[in-house]
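Colleague: Sharing a structure below in structure tokens format, with a few things to ask.
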């Protein structure tokens, strides 16, 4: 690097004593309001977001305010059809289905969020370092990712659960592991793409260190892609966890997890007591559909090669 | 071309190797003691040590891996802990039922996906397009086992038009003479139309449930491809030369839109493998999926392990086949590689 480049860097720093130009801080709240309005005006974005928000509120407040507990048995009123005191009916042990679906919402949303975060952090870091460091570590790490991708996703999650011992916690580990290579591959290629852009070269020429370039220039540009993938992976996590619980690998029977509840109600469904299985199933369907619609819409809006300017 | 194929095959061998190492680590290294698992919590520690020695668990890891992998590829898949039958025999007995269901499901999934993708793109009617897109979202969000249940409630317990969860045939019907052991095909071969119809009716609901996630994926992919291809200049040229809309679509747009769906082959197989475990139990379908489901419940891990490893190998092979087939069908993939080779 010649002295000329250095002096340019110093000039720029001198001209802006407050450091690099950031967003205008005074207008942040205004911009927040604008962003909120833009989200609400976009029906394809507002509807799935609203549905997910309602589901979160339902999960938080329903178990607090609802008088029936999810595990409270009432054998005299077992298999009761939906009524005023039990809007979604009762199951074979007389437990209130509404209370169980609400508690199930807590379990599904919390565990799926943890799974999504774990996958995004581990996979994202792997992708970031494979993409920015390159070389042998890139090759080794990506071969490991290929080995994970050699399994059909749900089957690998089943394998992990069987290997580590059955339970909701191991099922969550399994689903997280399955999602790691999705992030790793995606963010690696993003890192490679961003690394070759001119502004990275410019930052490098101005004397920015590798760490600074990664933290200030590469990572922020990866975030949109990461968020899109996280929204899609969240829906998948809800679905996969329910699937594992349904086959008996995830949450075990007394736990009001949606998949496990569907299994429990299975034998009653064809004899007329449909609500035991259908209610958790509908909650599952709503959550997963909303998450997949959200990730699709985010892809339309945030994809740099798409219509980013519209937001 | 030959070099590309060789590289791709090598890559797949690597993937299979990686997958088996991963499966070995998950199944053999991580968990508690498999011998303890087989013998149960009440077994003496001498018995556990003896069994450990007998199955070679006191050997070094690479020896264990070698045995694990050579046994698997030689077809020595061990014995079911719960009933002592050979795992290979159990899976072999159950496979035709699963294959028949998967093939049937694949056919209706493909037909539905192509049909609906055409419907939503052929004439630009926003309403049909919206319905098709909505259906694909819903299909994506519906867990297959839940759809299975819904279908049973609607078509069996409410409308009584399709058979319930009684397996491949009704109680009174006898299986046709075994040739392929796929009942629909065997019934046709034996000329028993009644049995054929009975077997077909039993396939419909599980077939729909098994295909739902692949359907929603395929219809989206096909729709996007069709929209893209129909805007290509060669379609305008074909129409300009006087081809009717449908002919231009059928001869020029559809084949081009169809090609990228081939790459979804691996994904569809993965859905079917996992889906069979999820939905066969709901329909009491006597296939590999319900065998695995029961094995999970009984903690009969020899069966589960074999199924997992078999799935991985099939998954890699199908992805390899898809890649190679793609190169054969689409000259655009092949020609640049010839130029660089």
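Colleague: Quick check: the angle from helix B:45-54's long axis to the longest principal axis of chain B, C-alpha only, nearest 10 degrees?
Modeller: Relative to chain B, helix B:45-54 is tipped by roughly 60 degrees.
Colleague: Here is a further query. Could you sort the peptides B:121-128, B:296-303, A:246-253 by per-residue average Cβ neighbour count (10 Å cutoff), highest mean leading?
Modeller: Order by mean packing, descending: A:246-253, B:296-303, B:121-128.
Colleague: Order by neighbour count: B:17, A:199, B:249, fewest other Cβ atoms within 10 Å first, most last.
Modeller: A:199, B:17, B:249
Colleague: Shifting gears a bit: Relative to the longest principal axis of the C-alpha atoms of chain B, give the angle of the C-alpha long axis of helix B:87-121, reported between 0 and 90° and rounded to the nearest 10°.
Modeller: Compared with the principal axis, the helix lies near 20 degrees.
Colleague: With the cut-off at 1.5 for a/c, could you classify chain B from its C-alpha gyration tensor as rounded, prolate or oblate?
Modeller: Judged from the Cα gyration tensor, chain B comes out oblate (a/c at least 1.5, b/c at or above a/b).
Colleague: Looking at chain B as a GNM with Cα springs under 10 Å, which of B:329, B:91, B:279 has the largest mean-square fluctuation?
Modeller: Sorting by GNM fluctuation, first place goes to B:329.
Colleague: Separate question: Using Cβ contacts closer than 10 Å as the measure, can you line up A:296, A:169, B:58, A:96 from fewest to most?
Modeller: Ascending number of Cβ neighbours within 10 Å: B:58, A:169, A:296, A:96.
Colleague: Take peptides A:287-295, A:188-196 and line them up by average Cβ neighbours within 10 Å, highest first, as a rough protection proxy.
Modeller: Result, highest mean Cβ count within 10 Å first: A:287-295, A:188-196.
Colleague: As I understand it, the value is the acute angle between the Cα axis of helix B:126-141 and the longest principal axis of the Cα atoms of chain B; what does it come to in degrees, rounded to 10?
Modeller: Result, in degrees: 0.
Colleague: Using just the helices of chain A, give the 222 nm mean residue ellipticity in deg cm²/dmol: DSSP H runs with n ≥ 4 each add -39,500 (n - 2.57), and the total is spread over all residues, rounded to 500.
Modeller: Dividing the helical sum by the residues of chain A leaves -24000 deg cm²/dmol.
Colleague: What FRET efficiency comes out for residue A:227 versus residue B:328 if R0 is 35 angstrom and r is the Cβ-Cβ distance? Round to the nearest 0.05.
Modeller: Efficiency for this residue pair is about 0.35.
Colleague: Across peptide B:51-59, how many C-beta atoms of other chains are within 10 Å of each residue C-beta, on average?
Modeller: Mean shielding count: 0.
Colleague: Follow-up. What's the average, rounded to a whole number, of partner chain beta-carbon atoms within 10 Å of each residue's beta-carbon in B:142-154?
Modeller: Shielding by partners across B:142-154 averages 6.
Colleague: Once you sort the root eigenvalues of the Cα gyration tensor of the stretch A:95-144 as a ≥ b ≥ c, which label holds: rounded (a/c under 1.5), prolate (a/b larger than b/c) or oblate (the other case)?
Modeller: It comes out prolate by the Cα gyration axes.
Colleague: Same structure, new question: Give me the percent relative contact order of chain B, please, defined on Cα pairs under 8 angstrom at least 6 residues apart.
Modeller: 24
Colleague: How big is the gap, in Å, between the Cα center of the stretch B:226-259 and the Cα center of the stretch A:207-280?
Modeller: 40
Colleague: Quick one: give the max-minus-min coordinate of the C-alpha atoms of the protein assembly as shown along each principal axis, largest first, in Å.
Modeller: 88, 67, 63
Colleague: Mind checking which of A:84, A:150, A:102 has the largest fluctuation in a GNM of chain A, springs on alpha carbons under 10 Å?
Modeller: Of A:84, A:150, A:102, the most mobile in the Gaussian network model is A:84.
Colleague: If you don't mind, there's one more thing I want to ask. Going by how many other Cβ atoms sit within 10 Å of their own, how do B:293, A:129, A:234 line up, fewest first?
Modeller: A:129, B:293, A:234
Colleague: Shielding by partners for A:38-44, please: the mean number of other protein chain Cβ atoms within 10 Å of each residue's Cβ.
Modeller: Mean shielding count: 0.
Colleague: What residue among B:323, B:186, B:83 shows peak mean-square fluctuation when chain B is described by a Gaussian network model with Cα springs under 10 Å?
Modeller: Between B:323, B:186, B:83, it is B:83 that shows the largest mean-square fluctuation.
We did not get these values from a lab; they are worked out from the coordinates using the rules stated. Just so you know, these numbers come straight off a predicted model, no measurement behind them. Cβ coordinates were reconstructed from backbone atoms using ideal geometry, including for glycine residues, and neighbour counts include every protein chain displayed.
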